[in-house]
1. Scan the stretch 48-100 for residues that are on the phi > 0 side of the Ramachandran plot and β-branched (Val, Ile, Thr) and report the count.
2. Among strands (runs of 3 or more DSSP E) lying entirely in the stretch 1-104, which contain 1 or more residues that are small (Gly, Ala, Ser)?
3. Only one of Ala157, Ala136 is of a type in the set (Gly, Ala, Ser) and in a helix (DSSP H, G or I). Can you tell me which?
4. Tell me yes or no: at least one residue of the stretch 108-120 is in a helix (DSSP H, G or I), more than 25 Å from Cys30 (Cα to Cα) and of a type in the set (Gly, Ala, Ser).
5. Small (Gly, Ala, Ser), part of a loop (DSSP other than H, G, I, E, B), exposed (fewer than 15 other Cβ atoms within 10 Å of the Cβ) and in contact (Cβ under 8 Å) with a residue 24 or more places away in the chain: does that describe Gly178?
6. Can you pull out every residue in the stretch 139-154 that is part of a loop (DSSP other than H, G, I, E, B) and either free of Cβ contacts under 8 Å to residues at least 40 places away in the same chain or of a type in the set (D, E, K, R) (or both)?
7. Pull out all pairs, ordered by first then second residue, where Cβ-Cβ is under 6 Å, the residues are six or more apart or on different chains, the first lies in the stretch 219-241 and is touching a residue at least 12 places away in the same chain (Cβ under 8 Å) and under 18 Å from Val42 (Cβ atoms), and the second is of a type in the set (Asp, Glu) and in a loop (DSSP other than H, G, I, E, B).
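FYI, it's all coordinate maths here, none of it is from the lab. A quick note: this is a predicted structure, and the numbers were derived from the prediction, not measured. Cβ: placed from backbone, ideal geometry, glycine included. Neighbour counts: every protein chain shown.
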Amino acid sequence: MALVSFLSAKGSPGVTTTALLSAALWPHPCVLLDADPAGGDVAARVPAVDGGVLDPDRGLLPLLTSARRGLSGAQVLEQAQVVAGGTRVVCGMTGPEQSLAAGRGWSALANAVADLRDGEVPTDVIVDAGRVGADAVHLDLLRAADTVVLLVRADTAAVLHGRERLRVLGGALRRPDGLLPRTGVVVVGDPHHRDAADAAAVLTSVGDWVEDFGRLPLDPAGARVFDGARSARPERTALVRAGAPVVAALAAAAHGELQRGAA
């Protein structure tokens, strides 16, 4: 079992789309956890497998509100719903007020997610963590990750914000044993343009603990597939074609060993 968290530093680089893409292409059984403290987008974007609306009473909020009694991996899976395309999703909360009210529930959730590795069918967890800073309420969940991926657009302002966020996260995500999750970046922009390569070089210069996991294109047509739009050949979209090797690399990294990053 592996836990992979996608997050951003600023703006909207496509964290939710990338999390949905990764869950759809993941080579192992997985569930997508919509854990953006500012409020989740998955329930509003993606229809249920039958084309209807996802159940608003199932998802992350029931898990966090019952966390005082402890949580198990089975309880996490009980809150999952199947969306169009076959991905299992635990829907997020409506806004930051609910996230703050959850309090220590985030720590219990991190333990429950870890419990999934011991289930009858080991299940990987893909997390849409939204925008993350040093004071994020769900840091315990991120510290439990095997791999943390920062999505950054290939423009100057986004790269500068991303570089500073990596420096902060290098301290905020360190565990008591001194280990960091494997931490890396995916640059969103033209994969063949020099700007994307330059952005990756700036971001990985923060330290040798920051990895370059690849590039994803800005592909609105491909992204609409993960909003439930019909597509005769979704595998032919630029997003899916470019995403396949990126997701494969992330899956391999997540199932590897933790690194000892230097913050």
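1. 0
2. Result: 3-8.
3. When all the criteria are applied, what remains is Ala157.
4. No, that holds for no residue.
5. Criteria met by Gly178.
6. Within the stretch 139-154, Asp146 is the sole residue that qualifies.
7. As it stands, the answer is Leu239/Asp219, since those pairs meet every condition given.
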